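The values are calculated or read from the model by the stated rules, or taken from the named source; none is laboratory data. The model shown is predicted, which means the values in this text are computed figures rather than measured ones. Because the Cβ atoms are built from the backbone with ideal geometry, glycine has one as well, and the counts that use them run over all protein chains shown. In case anyone asks, the SASA skips ligands and DNA or RNA and just uses the protein heavy atoms, side chains included. Shrake-Rupley method; radii C 1.70, N 1.55, O 1.52, S 1.80 Å.
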Amino acid sequence: MTLNVTDLAIARAGIPVLEGVNFTLEPGRALILRGPNGIGKTTLLRTLAGLQPPLSGSIQGAEDQVAYAAHSDGLKPTLTVTENLVFWASVFGTVDIEPALDAFDLKGLSDRHAGNLSAGQKRRLGLARMLVTGRPIWILDEPTVSLDRNAVDMFASAVRRHLETGGSALIATHIDLGLEGEVLDVGPNKAKPKPIDDFDGGFL
Amino acid sequence: MIALLLRDLKLSFRAGGGFGLGLAFFLIVTVLVPFSVGPQSALLSTIAPGVLWLGALLACLLSLDRLLALDWEDGSLDLLATAPLPLESVVTIKALAHWITTGLPLVLVAPVLGVLLNLPVPGFSWLVISLLIGTPALSVIGTFGAALTVGLKRGGLLLSLLVLPLYVPTLIFGAEVARRGATGMETSAPVLMLAGITAASVALLPFASAAVLRINLR
């Protein structure tokens, strides 16, 4: 499934942040989203995930194809690692959570309550959730926060396997994941302030 | 959908899940009433249906602020909104889970508390029937309030202020069924009104809750 974004403009809290965003994400490709803090990367990803409407422009191919990982992992502290994953697997209509546990080395932690995990372990569990969604397009917002070097490699190889099986990924990150993918720098797409029209100018 | 229901039930029974809080609150309020109005049994049996209904309503209100707020805080509400489940069914399931963990126990324990307030014998069955019909509306209306205030810090008080006025029709007709039942009067009119309010809330409010939730998640 190809994700096609044309001339997208988005706003955060009513203030336009990005405009004229264009890109195509083909199956098997990764796109690394870069840009300074506050430019609107998270807002862009939330828009693509369907959590908020764009100001203008179009998004094609995202409907029911996107798995989204936000800053927070959406884990329930009083459920075990397995229970958390099984829940998301059944919400997305998949059954097998073993590959996800294996990919992020969570086997030994599977009976622990998610509330007792360290920050990095929680993140690994949050990322393992992507594997049980069965969705082809992954949208990841700063996935490597609080991961150690080893876990970053685990994550990179999980993404690589996902790409090899025809999936695609859009990743906002500041570190080098060692993935072969194009870089989308949204810095130049910063929304320009609206020019003062005659009505507004009348007050000045 | 079953998975979400089971998860919510499981969460409410686990540590810190809040199961039983509403029940304990209901018990304490009912026990406090004879202390405050005095031990005249005639007076108590007159006010029993109304007091029990009010107590059940407040106990329901108590757990509403956790209904969506917890899922919002840990980010799972965002993830649920991007999952294949429509938000309408998410809020319906959440309301159902709230009813099973809060409303249903209140219905079951109400006859026992009726004894404490000297509720007249014919009133017991009507009290249970009125609560059984009325409490689902309390959960659904409460879910709507929770959806309106999700994402607000300290939204709990605002939630109560928004939801209590919406509870008025359910309280009026629910308590009326129990009162008429207790005094041996005809109950069919308030039962029908109460059932109508519940049916309309269950049918319409999930759409409203999902709509406000979509706006609040932006």
So what are the range A:11-167's ellipsoid semi-axes, whole angstrom, largest first, if each one is the square root of 5 times an eigenvalue of the alpha-carbon gyration tensor?
28, 17, 15
Give, rounded to the nearest 20 debye, the magnitude of the charge dipole that the range B:41-217 has about its Cα centre when Lys and Arg contribute +1 at Cβ and Asp and Glu contribute -1 at Cβ.
220
Here the relative contact order (percent) of chain B, from C-alpha pairs under 8 Å and at least 6 apart, is 27
Calculate for the protein assembly as shown the 222 nm mean residue ellipticity that helices alone would give, adding -39,500 (n - 2.57) per DSSP H run of length 4 or more and normalising by residue count, nearest 500 deg cm²/dmol.
-18000 deg cm²/dmol
What do you get for the angle between helix A:149-164 and the principal long axis of chain A? Use alpha-carbon atoms, 0 to 90 degrees, nearest ten.
80
What's the local net charge at A:S58, with K and R +1, D and E -1, over the other residues with C-beta under 14 Å away?
-3
Apply the Kirkwood formula to the protein assembly as shown: the hydrodynamic radius equals the inverse of the mean of 1/r over all pairs of different alpha-carbon atoms; give it in Å with one decimal.
24.0
Using Cα atoms only, what is the angle between the long axis of helix B:41-62 and the major principal axis of chain B, expressed in degrees (0 to 90) to the nearest 10?
0
Per-residue mean of C-beta atoms belonging to partner chains within 10 Å, peptide B:69-81
5
How many angstrom lie between the C-alpha centres of the range B:1-53 and the range B:178-218?
19
Taking only Cα atoms, what is the 0 to 90° angle, nearest 10, from helix B:87-98's long axis to the longest principal axis of chain B?
40
Rounded to the nearest 10 Å², the 1.4 Å probe accessible area of B:I28 is 100
For peptide A:52-58, compute the average count of partner chain beta-carbon atoms within 10 Å of each residue's beta-carbon.
1
Projected label distance in nm at A:D105 and A:H71, using a 7 Å step from Cα toward the beta-carbon
2.8
Which aspartates and glutamates, if any, have their Cα less than 20 Å from the Cα of B:K10, not counting same-chain residues under 8 positions apart?
A:D73, A:E83, A:D111, B:D65, B:D71, B:E73, B:D74
Which value, in Å² rounded to 10, gives the accessible area of B:L43 with a 1.4 Å probe and all protein chains present?
70
Going through A:K192/B:K153; A:K41/A:K192; A:K76/A:K107; A:K41/A:K107 one by one, the pairs whose alpha carbons sit over 25 Å apart turn out to be A:K192/B:K153; A:K41/A:K107
What distance in nm separates the two pseudo spin-label positions at B:L21 and A:S118, each 7 Å out from Cα along the beta-carbon direction?
3.2
Taking chain B on its own, what percent of its Cα-Cα pair distances exceed 33 Å?
17
If R0 = 45 Å, then B:L108 and A:N37, at their Cβ-Cβ distance, give a FRET efficiency to the nearest 0.05 of 0.25
Averaged over residues of A:39-46, the number of beta carbons from other chains lying within 10 Å of each residue's Cβ is 1
